[in-house]
Amino acid sequence: MKIVSRNEELLRDALSRIPQSSSRTSLSSCNKLIRFEDISAAAFKIQCGVQKTPCMYSRLSKQYGMDIYLKKEFLQYTGSVKERGVLYLLTSLPQDQQRKGVIVASDSNFSMAVAYHASELRIPVFVIMSTSTSPARVKMCREYGAMVISYGTTAKDSQTHARRLAQENGYLYLEEEDSAVYLSGLGTVGLEVYEQVPKLDAVIFPAGGHCGLLAGSAAALKHLNPHISVIGVESENFPVLQQSLKAGHPTEDQACSNHHFYGDVSGLCFGSNSLQLTGKLVDKVVAVREEDILISMLRLLEYERATVDAEGAIGLAALVAGKLPELKGKRVAIVICSGNLELHLLQQCIARALTLDNRVCRFSLVLSDCPGDISKLLEILAREEARVLDIRQERTFVTSELFAVEVTCTVETRDKIHAAQLRNALLERYPTAAWTER
């Protein structure tokens, strides 16, 4: 957590950075960076302010050949695990700073958590958002109790304005980083997973640039049982953590995306403390494709009735992509950390996932414009048990024959095998049928 204000020295003790060391340190020395006692103290302090979310056995277990337990952090009040670190940070502030208030500048899960918990603690809270922020996010943040101010067309404009307000009014400007206090709060997830699932073999976390959850929880889990594998998962499009680990420091020239679909998955690596803990305590970091994330979102919606975003689904995506074959037959927990996806994006993501999963298919073919030809096509689709979602006919711009109709049909199938059977049946009757590739 980056703290920027005239009163920064007030938090020097509570929010001191983890000391850097150029030499390779042992596991015990890494644990001293964030002591297990600090994580335990955080768990005690925030227990009445955040949910102890369930870690439940999943029906997906049979599909992927292992015992899967889902830690449902998206059930937090603001839909994000960030509440744990934020609440512990806010309760650690000196009382005079709590009276003056705090200010943040983004539309992220972090800002939402600050807005809600600061209001609950009766700390004045101000959120600066750019004019491009979605109205739904602005409304939600106001409902949490924050004073929301729209300023500037970019996130940088909002941040500059927030810093200026902090200096002029004595507010504490908060920006997500990796102080010991924030990491200790996030590390309470590791404590709970260990308590809820006995005989764990591995725990999978989202990684990316904001790897505080991964680092803090790894500190807790490795203290409790060094044999538990801790695995981080990030996007192939933004291998932020892997690049930083390879370089040995947070890299500054990382590609990132402003698209809301990715959220924190594509953010820059925000601190060397998390990176150092990750390098020492995390057993493996893997990257997955965007397609795997989308299918993971679909699986969670179907099997768990869980509506999550990319950050929430990326842990399961590692199993969808087959990136962790060593976990077959093991007992594995996956942290589903976030469920804040805007409705229009959710609709797009599920529609795209259905096509990627061979559940929605489209083909086109040319028929003679004679009575009964369309009904014969529909008979084949009915025989193959394909559900017709949409059918369109084009006569004017057909170039193959004078009196012909081009039919484009979208159908629903059960799975990849069913889609292949349908395709073969159509090609047998209509050799020129063209299948629209994904």
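The values are calculated or read from the model by the stated rules, or taken from the named source; none is laboratory data. Just so we're clear, the structure is a prediction, and the values are computed from it rather than from any experiment. Neighbour counts run over all protein chains shown; Cβ positions are idealised from the backbone, glycine included. We work out accessible area using only protein heavy atoms, side chains counted, and drop any ligands, DNA or RNA first. Shrake-Rupley method; radii C 1.70, N 1.55, O 1.52, S 1.80 Å.
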Between helix 109-120 and the chain: long-axis angle, C-alpha atoms, 0 to 90°, nearest 10: 50 degrees
Residue 167/residue 62 FRET efficiency (R0 60 Å; Cβ-Cβ; nearest 0.05): 0.55
Angle in degrees between helix 212-224 and the longest Cα principal axis of the chain, rounded to the nearest 10: 70 degrees
Fraction in percent of alpha-carbon pairs per bin - 10 Å, the stretch 81-174: 19, 53, 27, 1
0 to 90° range, to nearest 10: angle between helix 272-281 axis and the chain longest Cα axis: 70 degrees
Pairwise label distance in nanometres, residue 345 with residue 41, each label 7 Å out on the Cα-Cβ vector: 3.6 nm
Rounded FRET efficiency, nearest 0.05, which uses the C-beta distance separating residue 224 from residue 429 and R0 of 60 Å: 0.45
Mean separation of Cα contacts under 8 Å (6+ apart) over length of the chain, as relative contact order %: 16 percent
Neighbour count of at most 12 Cβ within 10 Å plus DSSP loop: longest chymotrypsin sites (Phe, Trp or Tyr not before Pro)-free window in the chain: 1-396
Value in Å of the Kirkwood radius, where the stretch 358-436 supplies the Cα pairs that are averaged: 12.8 Å
Residue-normalised accessible area of the chain, given per residue in Å² at a 1.4 Å probe: 46 Å²
Those trypsin sites (Lys or Arg not before Pro) in the stretch 313-347 that DSSP places in a loop and that have at most 14 other beta carbons within 10 Å: 328
Cα centroid of the stretch 94-145 to Cα centroid of the stretch 360-385, whole Å: 56 Å
Carbon/sulfur fraction of accessible area - the stretch 81-174, other protein chains in place, 1.4 Å, %: 50 percent
Length added when fully stretched, residue 75-residue 416, from 0.36 nm per residue minus Cα-Cα: 119.5 nm
Full-extension gain in nm, residue 283 to residue 373, via 0.36 nm per residue minus C-alpha separation: 26.4 nm
Calculated FRET value between residue 364 and residue 302, using beta carbons and R₀ = 35 Å, to 0.05: 0.75
Structure-based [θ]222 nm, the chain - -39500 (n - 2.57) summed over DSSP H runs of at least 4, per residue, nearest 500: -13000 deg cm²/dmol
Projected label distance in nm at residue 396 and residue 99, using a 7 Å step from Cα toward the beta-carbon: 7.4 nm
The chain - Debye-derived log10 I(q)/I(0), Cα point model, q = 0.11 Å⁻¹: -0.85
Partner aspartates and glutamates for residue 376 [C-alpha distance under 15 Å; skip if fewer than 8 residues away on the same chain]: 384, 385, 406, 428
Sulfur and carbon atoms: percent of accessible area, the stretch 358-436 [1.4 Å]: 51 percent
Accessible area, probe 1.4 Å, largest first, for residues 52, 100: 52, 100
